[in-house]
Each structure stands twice: as structure tokens, then as C-alpha cells.
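*Asks:* Got a structure here, written out as C-alpha cells. Questions coming.
The values are calculated or read from the model by the stated rules, or taken from the named source; none is laboratory data. Small disclaimer: the values here were computed from a predicted structure and weren't measured. We place every Cβ from the backbone using ideal geometry, glycine too, and count neighbours over all the protein chains shown.
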Amino acid sequence: MAEPLLRLEGVHTHIGHYHILHGVDLTVPEGELTMLLGRNGAGKTTTLRTIMNLWKASQGRITFGGNDITQTPTYELAKSGMAYVPEDMGVFHLLSVRENMELAARSGPIDPDRLEWVVGLFPALKKFWTKEAGTLSGGQKQMLSIARALIEPRKLMLVDEPTKGLAPAIINELVGAFQQLKETHTTVLLVEQNFNFAQALGDSVAVMDDGVVVHTGAMADLAADEALQTRLLGLSLDSHQ
Amino acid sequence: MSSAENTAAAAAGEPGLAQRLGERRGAALALALGALVFIIGMIVPLFGARWVNDVIAVIAAGFAVHGALSLYDVQQRAPQWYLLSLVVVTGFLAIAYHSGLSPTDAGGLAFSLGDALSSGAGSWTQMTINGLAMGLLIFIMASGMTLTFGLMGVLNLGHSAFITIGAYVLMTFLVSDWGRGLSGAESVVANVGLLALVVLVALVIAGVVGLLFERLIVKPVYDNHLKQILVTVGGGIIITQLIIAISGPNEVQLNQPATLSGSFIVGPVVVETFRLVAVAVGAAIFWGMLRVINRTKVGILIRAGVQSTEMVEAMGYRIKMLFIAVFMAGSALAAVGGVFWGLYDTLIHPEIGGLRLFQIIIVIIIGGLGSITGCFFGALLLGLLSNYVGFVAPEVAEFSSIALMVAVLMWRPQGLIPVIRM
């Protein structure tokens, strides 16, 4: 297994009076795609938002490339090479597709070669380049959201349930795009409930339940062990297969 | 479209052909009925009291104009243009009708089409210029507040104090000896140069005070609207009291710079020079703001931030710096508005900003909180309606802005051009 790029050690998160994460330990190896699985309410989204410091960790330590980032402001994390694709896609509805992409290219004008590669992954975006993002379909918004994260080279991508609510044909397109992304050895931490999607893409996996990580290992091992799948993921797994 | 297609369209939430035809018939009927009543009122004024005929004519004209606009679905496609057209055309018909009515020797009322067209058209043109000037000045003062609310979620009721700052910077210059000299000189260069200097100083002072206001007063109460209302009102009072302590509590009458004052006559219309200046300045500021908002990366950031501050931060932008910059710019714009409102009103007093706050709030509510274009249209509507109503029925002119707000909110509770927050 490669060296971890991201490491969470005993991370707790409170949202108001609610104690959501109860000591998360997680490592994300560099250059791999790590799947974060678990039932609804297990704490997957909270884990991503805590890494991005959108919700503060009340206890524990998060390191990125060996540096402690537990208290680092969100904008600094983004500048240091993290990209975040939230569950609701975070697309700016009143901005055009072009403006959404321009904003994502934080360090300057969009690199034409990079843009060509991104548009190659999601050809639909070119067609809607000057349209308001709010007029796109759910799948197209998801593509835009991921394309924004890819428009500049990133060290780590945090992606929250990209297949949620999408048609199977669109999910297949996303699988293709992530497979091409994997060839660039970009490190990805991807939250997912669709086990087929996770199985097709994941190198390693972590499973969460009730605010803690209850299993880590290779994705292939989990995919091969149905009993383990049932024990860790239960009915939520069956419903997605 | 077949009945099956109609059913499918209805299921998709789109109006079917039958519904559209029904709407067209309704619109045509409104146009015909309104026009008929209006024309009858022209031929035979139905009532003895002039104001009763006026009210009926306004309602009939409004009904007819609404019908004409509805035939082309204007209110659905572009609500701001619908409302502006409704106000402007109905305003013309109402003013023309009012001007055409005159008492007869027999004690009744008669309508003269000649008077309506000559005197009415002149009065309408004058009221339109006045309304545009007033509306655009209110837009300058309101734009900063709507941006601050849209981007930062901060309801700054101390905004009016920055208008007062601008007005007092103007007064300080115009009452000084050398300022009076430049202002009184019959030289466009001297007058405009003085005004440019006043605007620059007002921008700097209001920007710096805005920075302190944001850091000391607003920053501790982000995300708490109730506390924002209390502390920003308090902050506004402190600024106003400081102004009184420095400049005194008395009213000061100003003279407009020589080449920007006075008036000229075009046909039947008397045009005040300064109102044209106000229209030009307001339009230029609106154009500039649109350029910045739509064509620059800062503008894209502001528009994105209005929708989701969290996502802007997650993309690597320091949203707090943007908050501070927008707050300073909003405060500075309010001061520029104060400079021009001071020249427009020519009477400077400590409540000059506070008295405008009511109209500013109405304008940003009508336009849709956070929308610059909405604020622009809201301000034009308020300015034009106040002037038209002020001409026909001065006693209800003040009430017209409240009526406008109530009507818009009943029709579109989120305002004319709402900005969606994710």
C-alpha cells in the first residue's frame, strides 16, 4: 500500500449539540482511489466536511502530506491542492458553465490543454458552455461539479456521493471518467452508497458506522467477501446492487 | 396540440394550449374593457368630482395596459419590464387624462384631447425625467445595501449613515471659501472637477468608516439577523451623532454648482439640468456595476458568493476578504449617493440618510434581495411611480411606494429578480 497522503487520527466532530464523529481513524494512500462506504447517517459526509474544515473537528488530528491541517482554514486547504465535490454538487446556478469553470481555475486563466482533457471526459459541458448552470440536468450538474474539481491539477479530491439520484447511463459515464482520472494517479477519497460503482473504481475501502471507521482494507477483498459486505453494509448494500 | 399533449403539458407544469388561449382571451378582454371605459371617460367625464374620474381613468388605463402586455406574456417572461411598462404607459395615460380635464362654466367637467396631448405629454416627460433622476439616485444609495445582504446575509440598517457622510462631505466642500468659489464659477471644468474631488473624498472616508464598521460592529454578529438589526442601527446612530458633533445639528442650504443648476426648455418641457446629470451619473454607475459584476473575476466571485459562500471558500477564495471589500464598496457607494442626493435636495441635515432608508428598503425588497439589476428596476419603479402619482394626486404620493411594494410582494414574494441561495 502506498504512503498515506491524508491521515485522520481520533477525529471527533460535533454539530450543535449532536456528536457525529466519535473518533475517526482513516488513511488515504497517495495515488489511489479510496472508497468511503457506510449506511445513511454513518458520518461519511461529516468526515469529508471535517477534512475540509467546513465543520470543525472538536478533537483529534488531521494531516495532509505530513502537515497538520486540523485548524487550517478551508480556503487554505483548497489552495494547498484539495478539491471538494459536495453531495449537493455546489454548482453556482446563476453562473454559466464557463464562469463556474473560470472560478474553479483559481490560479489564473484556464489552461487550454487541461480544459480539452476535462471536456473530453464530459463532452456535454462543451455543448452547454455559455448556458446558466441552473438549466442543466442533475447528471450534467454533477459532471460540471467534478469538472470544476479537475480543471487544475489537485493533490487530493474529496467527492461526496457523485451517483446520487443519477440515471444508470450517466453513472456509467462517471465510471469512465473516474477510470481515466485514476490513470493520472490523482488521489481520491470518494463517499458512495452505490456498491457497484464503488467496486468498479475503488483501490482501497473504509467502511463507517455510527461515526467511526469499522473496516479498512482493499476494495477487491470486500468485493469478494459477501458475508463481510452483508455484515458491514447490510440492507443498504442489497438495495444498490 | 392535441388534448393528450395538453394533458402532458399540464402534468409537466407547463400551460397547455387551452390554458394559453384562455389567458389570451382574458388579456384581450382586459385590454378591450379597460380601453372602452377610458374612452368613455374621455368623451363624457362620468362624475362631478375630478379625482373620481382620475381614479377610474387610472384603473381603466392600468387594466388596458395590463391586457396589452399579457397578450405577449411579458409578465411571465420579464416581470421587471412588465411592471416598468405598466407604470410608464399607465402613468402617461393618467397624466394626459388628468391634464385634459377642466371645469366647465356650467359647473361640470369637460375633457379636451388637445390639452391632454400637449400639456399632458409635456408634464409626463417632465415627471419621467424627475422619476428617473430620483430612481437612479436611490439606486446608487441602495445598491450597496442589497449587495451586502445578498453576499454576506447582513441586514445593515446603519447603511443610511453612510449616505449622511456623503452629504456632509459635499456640504463641507461647498460651504468652504474655495469650494464656494469653484462651485459658483461658470466653468464646467471647475464645477465637475470640484464634484469629482467631493466624490473621491466621500468614497475614501466612507470606505474607511465602512471598514471599521464591518470589523467592529458587523463581524461579531454574522449569522444573527436580530443582533445585526440592533447593532447596525446602533452603529448608524453613533455615526450620525458624530457627524452632528463635528458639523452641528442645523440644516444647511446649498447651491448647486453653477453650470449644473438651472433649467432649460425643450418644447413644452422644462428640464432641470441637475436631474439630467443625476440620470447620467446613475446610469453610468449601473453600467459600471454591471460590467464589474458580469465581466470580471471579482464580479463572478460576488455572484457566486451570493449563492453559496461555503462553496466559494471551498474553491480556495478567502470569502472574508470579499465580505470586507464588498462592505467597503457598498458603504462608499452609499456616500456617493449621499453626495448626489445632497445636490438634488440642496438641504443638508443629519437625517438626510435616515429619511431615505425607508425607500431603500422598499427598493431592495421589490428588486429581490441581493440582486443589483432587481435593485435598479425597483428604484426606477419607485421613482417614476412617486412622480406620476405626485402629479395626479400629491396627497397619496408617499403611499404609492408602499402600495407598490405590497403589490409586488403579493405577486412575487421573492421580488422581481430573486437571487437563489443554495
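*Asks:* Name the one entry in B:299, B:288 that is assigned to a helix (DSSP H, G or I), within 14 Å of chain A (Cβ to nearest Cβ), out of contact with any Asp or Glu (no Cβ under 7 Å at 6 or more places or on another chain) and within 23 Å of residue B:141 (Cβ to Cβ).
*Replies:* One residue alone meets the criteria, B:299.
*Asks:* For segment A:201-221, which residues satisfy the criterion of being of a type outside the set (Val, Ile, Thr) and surrounded by fewer than 17 Cβ atoms within 10 Å (Cβ to Cβ)?
*Replies:* The answer is A:210, A:217, A:218, A:220, A:221.
*Asks:* Okay, next question. Residues B:366, B:319: which one is within 14 Å of chain A (Cβ to nearest Cβ), farther than 19 Å from residue B:239 by Cβ and of a type in the set (A, V, I, L, M)?
*Replies:* Result of the check over B:366, B:319: B:319.
*Asks:* Among A:90, A:120, which is closer than 22 Å to residue A:163 by Cβ, buried (at least 17 other Cβ atoms within 10 Å of the Cβ) and of a type outside the set (Asp, Glu)? Let's see the steps before the verdict.
*Replies:* Values: A:120 fails: buried (at least 17 other Cβ atoms within 10 Å of the Cβ).
None of the others qualify; the one that does is A:90.
*Asks:* In segment B:54-107, how many residues are part of a strand (DSSP E or B) and buried (at least 18 other Cβ atoms within 10 Å of the Cβ)? Don't jump to the end; show me each part of the working.
*Replies:* Start the filter on segment B:54-107 by keeping residues that are part of a strand (DSSP E or B), which leaves B:101-103.
Applying the additional criterion that residues be buried (at least 18 other Cβ atoms within 10 Å of the Cβ) yields B:101.
So the answer is 1.
*Asks:* Sticking with this one: Of the conditions (1) within 14 Å of another protein chain (Cβ to nearest Cβ); (2) in a loop (DSSP other than H, G, I, E, B); (3) in contact with a strand residue (DSSP E or B) (Cβ under 9 Å, 6 or more places away or on another chain); (4) not hydroxyl-bearing (Ser, Thr, Tyr), residue A:110 fails just one. Which one is it?
*Replies:* (3)
*Asks:* Here is a follow-up. In contact with an Asp or Glu (Cβ under 8 Å, 6 or more places away or on another chain) and aliphatic (A, V, I, L, M) - does that describe any residue in segment B:236-255?
*Replies:* No, the conditions are met nowhere in segment B:236-255.
*Asks:* So if I check each of A:185, A:215, which one is assigned by TED's automatic domain parsing to the domain that holds residue A:63 and part of a loop (DSSP other than H, G, I, E, B)?
*Replies:* Only one candidate passes the filter, namely A:185.
*Asks:* Scan segment B:172-180 and give yes if some residue there is under 15 Å from residue B:344 (Cβ atoms) and assigned to a helix (DSSP H, G or I), otherwise no.
*Replies:* Within segment B:172-180, one or more residues are under 15 Å from residue B:344 (Cβ atoms) and assigned to a helix (DSSP H, G or I).
*Asks:* Does residue B:304 satisfy being crowded, with 20+ Cβ neighbours inside 10 Å, within 11 Å of chain A (Cβ to nearest Cβ) and touching a strand residue (DSSP E or B) at 6+ places or on another chain (Cβ under 8 Å)?
*Replies:* For residue B:304, the condition - crowded, with 20+ Cβ neighbours inside 10 Å, within 11 Å of chain A (Cβ to nearest Cβ) and touching a strand residue (DSSP E or B) at 6+ places or on another chain (Cβ under 8 Å) - is not met.
*Asks:* Now a separate question. Being more than 7 Å from chain A (Cβ to nearest Cβ) and aliphatic (A, V, I, L, M) is the filter here; which residues of segment B:307-316 pass it? Lay out the reasoning, then the answer.
*Replies:* From segment B:307-316, those more than 7 Å from chain A (Cβ to nearest Cβ) are B:309, B:312; that's our starting set.
Matches in segment B:307-316: B:312 only.
*Asks:* Please state which of the following conditions residue B:240 fails to meet, knowing it meets all the rest: (1) assigned by TED's automatic domain parsing to the domain that holds residue B:124; (2) more than 25 Å from the chain's Cα centre (by Cα); (3) of a type outside the set (Lys, Arg).
*Replies:* (2)
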